[in-house]
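Input: a single structure, listed below in structure tokens.
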Amino acid sequence: MSAQYQLTADSQRQPGVPVGKVAKYTWHSTVYNNYREYYVYVPAQYKPGQPAALMIFQDGHAYVDTTNSWRVPVVFDNLIQRGEMPVTIGLFITPGHLSEDMPENRFRASNRANEYDEMDDTYVSMLLNELIPELKKTLNISDDRKMHAICGLSSGAICAFTAAWQRPDYFHKVLSHIGSFTNIRGGHNYPFIIRKNAKKDIKIFMQDGSNDLDNIFGNWFISNQQMEAALKFKGYEVKSEWGTGGHDGEHGGSILPESLRWLWSDVVKK
């Protein structure tokens, strides 16, 4: 971590805090006819008789890693133990690949752009028709849309927003890190689409930095600010944290605990 962005105690293992379990699986998608790995986090406080919240992470290999900036399972353990977020099942999904032989760098999976940067409902259909039903075979997941959140970084962030935009009946909460709301597959149009369409019931936390990418597809920092402006114009519940970081997880990881507290604040019992 840089000197500017440091992890807090919420991102570190704490004495006496029960540790959730993480299991890894492989999935063949009939929607895309490809393969992906996914991880399932089940908190220690989960009880089969009580419906749990669900939070889905794109580029899940990065978010589930407890040695980098994100450390989501550790943060979940700490916040769930203190009642600062609900008992939440974590679903961490890697991008699809044409074969079961995954690339060493999962960000280089062959179908990542086709899944994450497209602005249609194909990816969210895979979630709702394949992976979530698979989870529900063994886990009691709440049907309350306000108990459903989705998160991603870079192209995974625009993917998360698209999932909620296409299916706000299922996803209420979005967490966007260094989102690629740029002209990769037309994502730069989102601010105008948001302004021209009826407001949807989506709550969103956005993070980016002034040293994010600036290339032929656009300027990431400006594009994120345009998204925020459009969301505010339409009256969305949106919170942003702008910093000076680049296209990495240092800033987003350092504020992940506070991001999650804000995102889940409307369903946590005071």
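The values are calculated or read from the model by the stated rules, or taken from the named source; none is laboratory data. What you see is a predicted model; the values in this text were computed from it and never measured. Virtual Cβ from ideal backbone geometry, glycine too; neighbours counted across all protein chains shown.
Selection of region 201-227 for residues being within 18 Å of the chain's Cα centre (by Cα) and either part of a strand (DSSP E or B) or among the β-branched types (Val, Ile, Thr) (or both) yields Ile202, Lys203, Ile204, Phe205, Met206, Gln207, Asp208, Gly209. Looking only at region 186-203, which residues are over 15 Å from Phe221 (Cα atoms), crowded, with 18+ Cβ neighbours inside 10 Å and touching a residue at least 60 places away in the same chain (Cβ under 8 Å)? Of everything in region 186-203, just one residue is over 15 Å from Phe221 (Cα atoms), crowded, with 18+ Cβ neighbours inside 10 Å and touching a residue at least 60 places away in the same chain (Cβ under 8 Å), namely Lys203.
The lone criterion from (1) under 25 Å from Gln207 (Cβ atoms); (2) surrounded by 14 or more Cβ atoms within 10 Å (Cβ to Cβ); (3) not small (Gly, Ala, Ser) left unmet by Gln6 is number (2). Going through (1) surrounded by 18 or more Cβ atoms within 10 Å (Cβ to Cβ); (2) touching a residue at least 60 places away in the same chain (Cβ under 8 Å) one by one, Thr244 falls short only on (1). The one condition from (1) in contact with a Pro (Cβ under 6 Å, 6 or more places away or on another chain); (2) not in a helix (DSSP H, G or I) that Glu241 does not meet is (1).
Matching residues to (1) modelled with pLDDT of 95 or more; (2) aromatic (Phe, Trp, Tyr); (3) over 25 Å from Ala53 (Cα atoms):
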{"position": "Ser223", "(1), (2), (3)": "yes, no, yes"}
{"position": "Met227", "(1), (2), (3)": "yes, no, yes"}
{"position": "Glu241", "(1), (2), (3)": "yes, no, no"}
{"position": "Trp264", "(1), (2), (3)": "yes, yes, no"}
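Applying the condition of being of a type in the set (S, T, N, Q) and surrounded by 15 or more Cβ atoms within 10 Å (Cβ to Cβ) to region 9-41 and asking which residue is nearest to Gly246 (Cα to Cα) yields Ser11.
For region 5-43, a residue qualifies if it is in contact with a strand residue (DSSP E or B) (Cβ under 8 Å, 6 or more places away or on another chain) and either in a loop (DSSP other than H, G, I, E, B) or modelled with pLDDT under 95 (or both), and the qualifying residues are Tyr5, Gly20, Pro43. Residues in region 107-121 include at least one that is over 20 Å from Ile178 (Cβ atoms), out of contact with any Asp or Glu (no Cβ under 8 Å at 6 or more places or on another chain), modelled with pLDDT of 95 or more and not polar (S, T, N, Q).
With the condition kept exactly as written, say whether any residue in region 129-147 is touching a Leu at 6+ places or on another chain (Cβ under 6 Å), farther than 20 Å from Gln50 by Cβ and either surrounded by 14 or more Cβ atoms within 10 Å (Cβ to Cβ) or at pLDDT 95 or above (or both). No; the residues of region 129-147 include none that is touching a Leu at 6+ places or on another chain (Cβ under 6 Å), farther than 20 Å from Gln50 by Cβ and either surrounded by 14 or more Cβ atoms within 10 Å (Cβ to Cβ) or at pLDDT 95 or above (or both).
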